[in-house]
Structures are given as C-alpha cells and as structure tokens.
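Single-structure report; data block below.
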Amino acid sequence: MNFDGTVTIQADRDKVWSFLTNPDAVAKCAPGVESMEIVVPDEKFKAVASIGLGNLKVRFKVDVEWTELTEPNKAALKAHGTAPGSATDVVATMELSDGEKGSTVLDWTADINVMGTIASLASRMMSSVTQKLTQEFFTCMKSQIES
C-alpha cells in the first residue's frame, strides 16, 4: 500500500524537524504506540504498537532505522514489525520546505507491506484504518508543534 500527502504546519522548519526526528515526541502522537526505546540516537529505535482492524487487534514489535537525515530538509526511514503470524515493512520519507508566512510544508510518502495472517484477514480494512490513523497523527502533531 502506498500513501502520500502534504501537510502545512504553522511553525518554522527547524521546529517541525525537531519534532519529526524525535522518536519520543512522535510516539506521543502515533496512535496505538505503547512504548518506544531509542537504541542508537539519530539512528535506530524500537516501538511496540497495537492496531485495531475491526474486532482484530494486533500488537506489533517494530524496529525502525533512519536511512537519511538531511537537516532540516529530508528524513527517511525503514521499519520492520512483527506480530504473531504477521509482519510488516515500511519505507517512509518526509521532505520539508518553507511555506507562506513562516509555515512549513511537509510532503510525505509511505510504502507499507503487510504479510501473513493480518494481511489475509483484514486486507479490506487496512487502507481506511491507515488513513484514519494517519489523520489522527497529523492532527496531534500539528497541535503539539503549533502550540
């Protein structure tokens, strides 16, 4: 599944960059994140997250690695998560640019590949659930950064 979007944040690029590259800050806005641990600062972190797909709730253990950090313009990461009988791989990029009146424009992409039991049981719901969770994340992120 491929997702992308553009979000305008009423804050300067440095402030947006600081938030988006801080796993602790992001974890507070990421729906379902139960725990987050920095393994190597600015390189690797781990998270545990639960995601509900209808009456199916899946708990993933996720390893995340920054593949590019070009401050304050572009960040890219890859993640691999496992749950009983399932796995997921994610590749995501975030590009920041200056917007109007001191705002920051965030262009993002995410390529998500889900395998195993969850893929076969919940494939029809994954796209809409992912869009809902993405919207919740960006709403929280904007409120945290813009306050």
Can you find even one residue in the stretch 77-91 that is assigned to a helix (DSSP H, G or I) and in contact with a helix residue (DSSP H, G or I) (Cβ under 8 Å, 6 or more places away or on another chain)?
no
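Out of all the residues in the stretch 107-119, is one or more without any contact (Cβ under 8 Å) to a residue 24 or more places away in the chain and within 21 Å of ASP12 (Cβ to Cβ)?
no
Got at least one residue in the stretch 62-69 being part of a strand (DSSP E or B), farther than 18 Å from ALA27 by Cβ, touching a strand residue (DSSP E or B) at 6+ places or on another chain (Cβ under 8 Å) and not acidic (Asp, Glu)?
Of the residues in the stretch 62-69, the ones part of a strand (DSSP E or B) are 62-69.
Retained after the next criterion (residues that are farther than 18 Å from ALA27 by Cβ): 67-68.
If we keep only those that are touching a strand residue (DSSP E or B) at 6+ places or on another chain (Cβ under 8 Å) as well, we get 67-68.
From what is left, the residues that are not acidic (Asp, Glu) are 67.
Checked against the condition, which is being part of a strand (DSSP E or B), farther than 18 Å from ALA27 by Cβ, touching a strand residue (DSSP E or B) at 6+ places or on another chain (Cβ under 8 Å) and not acidic (Asp, Glu), the stretch 62-69 yields at least one hit.
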Flag if GLN144 is at pLDDT 95 or above, part of a helix (DSSP H, G or I) and within 24 Å of GLN10 (Cβ to Cβ)
yes
Go through the stretch 98-123 and report how many residues are surrounded by 14 or more Cβ atoms within 10 Å (Cβ to Cβ) and assigned to a strand (DSSP E or B).
11
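Condition first: of a type in the set (A, V, I, L, M, F, W, C) and over 30 Å from SER120 (Cα atoms). Now tell me which residues in the stretch 87-109 satisfy that.
Kept after step one, since they are of a type in the set (A, V, I, L, M, F, W, C), are these residues of the stretch 87-109: 87, 90-92, 94, 96, 105-106, 108.
LEU96, VAL105, LEU106, listed by residue number.
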Looking at the stretch 104-116, is at least one residue touching a Leu at 6+ places or on another chain (Cβ under 8 Å) and of a type in the set (S, T, N, Q)?
yes
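Quick check on the stretch 26-38: of everything there that is among the hydrophobic types (A, V, I, L, M, F, W, C) and buried (at least 16 other Cβ atoms within 10 Å of the Cβ), which residue is farthest from THR70 (Cα to Cα)? Show your work before the answer.
Residues of the stretch 26-38 that are among the hydrophobic types (A, V, I, L, M, F, W, C), as a first pass: 26-27, 29-30, 33, 36, 38.
Now narrow it down to the ones that are buried (at least 16 other Cβ atoms within 10 Å of the Cβ): 26-27, 29-30, 33, 36.
Details: VAL26: 18, ALA27: 21, CYS29: 23, ALA30: 23, VAL33: 26, MET36: 23 Å.
Taking the candidates together, the pick is VAL33.
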Which residue is farthest from VAL33 (Cα to Cα), if the candidates are limited to the stretch 47-59 and must be of a type outside the set (Gly, Ala, Ser) and more than 14 Å from the chain's Cα centre (by Cα)?
ASN55
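From the list ASP63, ASP14, which one is surrounded by 14 or more Cβ atoms within 10 Å (Cβ to Cβ) and free of Cβ contacts under 8 Å to residues at least 60 places away in the same chain?
Numbers: ASP14 fails: surrounded by 14 or more Cβ atoms within 10 Å (Cβ to Cβ).
After applying the criteria, what remains is ASP63.
The values are calculated or read from the model by the stated rules, or taken from the named source; none is laboratory data. Predicted, not measured: the structure shown is a model, and the values here were computed from it. Don't worry about glycine lacking a Cβ; one is built from the backbone with ideal geometry, like all the others, and counts go over all protein chains shown.
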